1. If you go through the range 3-13 one residue at a time, do you hit one that is free of Cβ contacts under 8 Å to residues at least 12 places away in the same chain and surrounded by fewer than 18 Cβ atoms within 10 Å (Cβ to Cβ)?
2. Restricting the first residue to the range 49-71 and requiring it to be modelled with pLDDT under 85, which pairs with a second residue that is in a strand (DSSP E or B) meet a Cβ separation below 8 Å and a spacing of at least six or different chains?
3. Residues of the range 91-128 being part of a loop (DSSP other than H, G, I, E, B) and more than 14 Å from residue 13 (Cβ to Cβ), which ones?
4. Mind checking whether some residue in the range 77-95 is at pLDDT 95 or above, within 17 Å of residue 126 (Cα to Cα) and under 12 Å from the mean Cα position of the chain (by Cα)?
5. Sort out which residues of the range 9-26 are modelled with pLDDT under 95 and either closer than 19 Å to residue 70 by Cα or touching a helix residue (DSSP H, G or I) at 6+ places or on another chain (Cβ under 6 Å) (or both), and write them in order of number.
6. Do you know which residues across the range 12-38 are within 14 Å of the chain's Cα centre (by Cα) and not in a loop (DSSP other than H, G, I, E, B)?
7. So which residues in the range 14-42 are over 22 Å from residue 57 (Cα atoms) and either touching a residue at least 60 places away in the same chain (Cβ under 8 Å) or surrounded by 15 or more Cβ atoms within 10 Å (Cβ to Cβ) (or both)?
């Protein structure tokens with residue numbers, strides 16, 4: 001969860017069958033490669049997906065469900081949104097906690113509302129912890 005001015009960076013995932021949460025708003029990140037730590041994987045994924053990674057990432061929580069373990073980190077987005085390169089996904093935006101709580105977020109690129117990814121929806125009740133720390 002990268003934050004800037006009490007807003008959180010989200011990715012609108014591609015509409016591709018077979019990926020996790022197609023067409024939903026979620027977090028940047030991805031799968032761990034063999035023998036890769038969660039933090040190293042996140043740094044690699046951020047560079048692959050937005051061309052940037054913060055110097056400091058703070059472990060926040062792990063979320064487990066029947067399909068996966070999700071490692072969530074927080075960090076400051078220290079560059080303007082327009083300096084990021086959207087290299088994966090359909091859109092990205094800095095979104096308020098209130099917008100996340102609504103469960104649907106407007107995509108400027110698609111000119112449409114799209115839902116939160118199921119995992120992000122499950123994490124939403126705990127986001128106030130990060131919002132207070134930001």
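The values are calculated or read from the model by the stated rules, or taken from the named source; none is laboratory data. All values derive from a computational prediction rather than experimental measurement. No Cβ is skipped: glycine too gets one built from the backbone with ideal geometry, and neighbour counts run over all protein chains shown.
1. no
2. 63/69; 63/70; 63/72; 64/70
3. 103, 108, 111
4. yes
5. 18, 19, 20, 21
6. 12, 25, 26
7. 14, 15, 20, 21, 23, 24
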